[in-house]
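The values are calculated or read from the model by the stated rules, or taken from the named source; none is laboratory data. Owing to the predicted nature of the structure, the values given are computational and were not obtained by experimental measurement. Here Cβ is always computed from backbone atoms with ideal geometry, including for glycine, and neighbour counts include all displayed protein chains. Note: accessible area is taken over every heavy atom of the protein model, side chains too, but ligands, DNA and RNA are not part of it. Shrake-Rupley method; radii C 1.70, N 1.55, O 1.52, S 1.80 Å.
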Amino acid sequence: MTNRFFAGLLVVTVVSAQPSLKEAAKGKFLVGAALNEAQFTERSAVEVAIIQRHFNSITPENVMKWEVIHPEPEQYNWTPADRYVDFGTRNHMFVIGHNLVWHQQTPKWVFEGDDGQPASRQLLLERMRRHIHAVVSRYKGRIQGWDVVNEALNEDGTLRQSPWLQIVGEDYVAKAFEFAHEADSTVELYYNDYSLESGAKRRGAIELVRKLRSAGVPIAAIGTQTHIHMTNPTLEQMDQTLTELGQLGIQVMVTELDIDILPQVNHSDQVSAHLEGSTTLNPYAGGLPDDVQAALAKRYGDLFAIFAKHSRTLKRVTFWGVTDANSWLNDWPVRGRTNYPLLFDREGKPKPAFESVMQALKAPAKK
Ligand code: GLA
């Protein structure tokens, strides 16, 4: 215990001597991280030290999703979300709310009437309005930006056949923004989605944002999640994506950055890897070989050089997690793998990728 305490103290002292990501990115963009409950309730001193040293924006990994914050029709679970916002306020951070309307992590009752049949348009819109008003107004003035609608698009750029679309119709997206704006007219409102590096989906997102804007919907930014792999998307695709999104006339935000270095799987592989603990699908359980570590560092450096180039429109880069130990990619799309997607290793030490990001951030900001 005493040894662990001193080891922890040592790491915290070491962290406070590190060059800081948010300082290096000053004048370019905010640098954020998605936090879990152990982090914002300060159960891990090392992770808290990293967060305070390197990040000036935070996103809640799960505690504001509908199923957590509003699990039953008349029951809100405010405590974790309150503590998340308190942590951000105490540390003077740009606090993001995530998210209001999504097809996942939303309880079934939301889409059902009392008879268990699909809800009517009117009922679902009323539920959406009440939910958004309750959550957004509770944190009015303390949350600076909300992911209002998450992942409304299919890969081909058309609107996803979610219960929101099926029950409400296409205007559910605009309605969500309208309700959020009613609840807090000063907070920034965002549309957030993944795989926007792929042309068809990006064209769909661009069309959606244009429609919203021409209808007068108050959208402040488009969030591109950027859950990416080692070679896919290419740097050209990343650059092109930020160029095209940057031409929309609103801010651009990289909202959920991580780099999955493990072999990509198809659905049937997932099952066998889980059952057999496959080394083919989990090759670095014993540690990351130097050449792979170096390749990851290069990938991160290249990426941040592109981000720096787009700093006139790119206003925030948020990582989906803090250290490799707590990344969702250890358990998705296959459970129980050992992944290395972030800048800090399992002990919270900066990886070579951290150094390359710092180097890339030294380039002068584009104004
Ligand atoms: C999506 C969501 C996030 C998170 C990630 C993976 O990108 O927007 O909230 O669930 O998936 O964990």
The number of residues in the range 66-92 that are assigned to a loop (DSSP other than H, G, I, E, B), open to solvent by 40 Å² or more (accessible area, probe 1.4 Å) and within 16 Å of the ligand (Cβ to nearest atom) is 0
When the range 93-110 is checked residue by residue, the ones that are in contact (Cβ under 8 Å) with a residue 12 or more places away in the chain, more than 16 Å from the ligand (Cβ to nearest atom) and out of contact with any strand residue (DSSP E or B) (no Cβ under 6 Å at 6 or more places or on another chain) are 109, 110
In the list 48, 63, which residue meets the criterion of being touching an Asp or Glu at 6+ places or on another chain (Cβ under 9 Å), within 16 Å of the ligand (Cβ to nearest atom) and without any contact (Cβ under 8 Å) to a residue 40 or more places away in the chain?
63
Return only the number of the condition from (1) part of a helix (DSSP H, G or I); (2) free of Cβ contacts under 8 Å to residues at least 24 places away in the same chain that residue 206 does not satisfy.
(2)
Determine the pairs where a residue that is outside any helix (DSSP H, G or I), located within the range 241-252, has a partner that is of a type in the set (Ser, Thr, Tyr) and open to solvent by less than 10 Å² (accessible area, probe 1.4 Å) with Cβ atoms under 8 Å apart, the partner being 6 or more residues away or on another chain.
252/224
Near pairs, Cβ below 6 angstrom, 6+ apart or cross-chain, from the range 256-267 (under 12 Å from residue 324 (Cα atoms)) to any residue that is within 16 Å of the ligand (Cβ to nearest atom) and open to solvent by 10 Å² or more (accessible area, probe 1.4 Å)
258/227; 258/320; 260/229
Meets criteria (under 29 Å from residue 165 (Cβ atoms) and either open to solvent by 50 Å² or more (accessible area, probe 1.4 Å) or modelled with pLDDT of 95 or more (or both)) for residue 264
yes
Filter the range 155-181 for residues that are within 16 Å of the ligand (Cβ to nearest atom) and open to solvent by 50 Å² or more (accessible area, probe 1.4 Å) and give the result.
155
When the range 332-367 is checked residue by residue, the ones that are surrounded by fewer than 18 Cβ atoms within 10 Å (Cβ to Cβ), part of a helix (DSSP H, G or I) and within 21 Å of the chain's Cα centre (by Cα) are none
If we scan the range 78-85, do we find a residue that is farther than 23 Å from residue 255 by Cα and touching a residue at least 60 places away in the same chain (Cβ under 8 Å)?
yes
Which condition does residue 291 not pass, out of (1) within 16 Å of the ligand (Cβ to nearest atom); (2) open to solvent by 50 Å² or more (accessible area, probe 1.4 Å); (3) modelled with pLDDT of 95 or more, if it passes all the others?
(1)
Go over the candidates 280, 224, 255 one by one and state the one that is among the polar types (S, T, N, Q) and in contact with a Leu (Cβ under 8 Å, 6 or more places away or on another chain).
224
Only residues that are open to solvent by 70 Å² or more (accessible area, probe 1.4 Å) and more than 17 Å from residue 151 (Cβ to Cβ): list them for the range 182-210, please.
182, 185, 186, 210
